[in-house]
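One structure is given here, and the rest of the page talks about it.
Just so it is clear, none of the values below were taken in a lab; they were calculated from the coordinates. Keep in mind it's a predicted model, so treat the numbers as computed, not measured. Neighbour counts run over all protein chains shown; Cβ positions are idealised from the backbone, glycine included.
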Amino acid sequence: MDTSVHKLLLALARESISSSLGLVSTEVYESLMKNPSALFKEKRGLFVTLKKRERENVFSLRGCIGNLFGLSSLTESVASLAREAAFHDPRFPPVRLDELSALVIEISVLSKPKRIASPDAIRIGIDGVILSKGSNRAVFLPQVAPEQGWDTETMLENLCMKAGLSPFAWKDSRCELEVFQAEVFSEVH
């Protein structure tokens with residue numbers, strides 16, 4: 001995707017949140033739905049992450065919702081996941097109107113996950129990781145480990161805890177690992 005597509009998807013995400021707060025029309029969404037190019041019709045895994053600007057170059061997580069597999073078109077996914085991240089992430093209260101100007105939107109468009117045989121195959125900063133053991137599952141996007149300063153082991157330990165498992169469950173042979181890559185773009189460059 002080129003930067004013009006990135007800008008359009010970011011504008012769509014912001015419009016979706018703003019319109020839910022009663023601020024703007026849905027002209028970006030309507031335009032994309034009326035004249036969709038093949039790209040905007042694609043079904044891709046996608047996450048919308050909201051960060052709150054605390055001060056210059058300092059951000060805190062404010063919401064993140066996504067799906068690993070494309071369930072609807074790129075246009076519909078960006079619009080709905082932006083609203084979900086803003087108003088339905090169970091870790092945070094719903095975004096308020098007075099927070100909107102401090103929000104920075106980041107979108108991650110995912111490749112299809114591939115199972116790996118060993119944690120040694122994980123490339124920190126390149127691969128997102130899905131960890132599954134029984135009915136427990138958790139995911140980290142590729143940017144999470146570098147943002148936290150984690151090496152592979154620390155990332156896997158945190159992923160296990162996110163999945164509700166012991167930190168060392170990733171060493172169990174019944175634990176499955178998958179990796180994916182993401183095209184990540186944000187309102188902050």
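Sum up the charges of everything whose Cβ sits under 13 Å from the Cβ of ILE130, counting Lys and Arg as +1 and Asp and Glu as -1, but leave ILE130 out. In short, +3. Ranked for footprinting exposure by Cβ neighbours inside 10 Å, fewest first, ARG123, ARG91 give ARG91, ARG123.
Using only Cα atoms, find the angle between the long axis of helix 3-20 and the longest principal axis of the chain, and express it within 0 to 90 degrees, rounded to the nearest 10. For helix 3-20, the angle is close to 80 degrees. Under the combined filter of DSSP loop state and at most 11 neighbouring Cβ atoms within 10 Å, segment 1-102 retains these GluC sites (Glu not before Pro): GLU56. With a Förster radius of 22 Å applied to the beta-carbon distance between LYS7 and ASN57, the computed FRET efficiency rounds to 0.55.
Straight-distance candidates among the lysines for linking to LYS162, with alpha-carbon spacing under 19 Å and chain neighbours fewer than 8 residues away dropped: LYS133, LYS171. For segment 99-109, backbone phi angles converted through the Karplus equation (6.51, -1.76, 1.60; θ = phi - 60°) give residue-by-residue couplings of 8, 3, 5, 8, 7, 10, 9, 10, 10, 10, 9 Hz, Gly and Pro being listed as x. Among ASP127, ASP120, sorting on how many other beta-carbon atoms sit within 10 Å of each Cβ, with the fewest leading, yields ASP120, ASP127. Sorting ILE107, ILE126 from the fewest to the most surrounding beta carbons within 10 angstrom yields ILE126, ILE107.
Reported to the nearest whole Å, the Cα centre-to-centre distance from segment 163-184 to segment 19-59 is 29. Note on segment 3-110: Lys pairs 8 or more places apart or on different chains, Cα atoms under 28 Å apart, count 8. Taking a ≥ b ≥ c as the square roots of the eigenvalues of the Cα gyration tensor, segment 103-162 is rounded, since a/c falls below 1.5. Evaluated over the Cα positions of segment 3-110, the convex hull gives a direction-averaged projected area, one quarter of its surface, of 6.8 nm². Can you tell me how segment 1-55 classifies by the Cα gyration tensor, rounded, prolate or oblate, using a/c under 1.5 as the rounded cut? The shape class here is oblate.
In terms of overall dimensions, the C-alpha atoms belonging to segment 86-189 reach 48, 27, 25 Å along their principal axes, ordered largest to smallest.
Rounded to the nearest 10 degrees, the angle from helix 74-87 to the longest Cα principal axis of the chain is 80 degrees.
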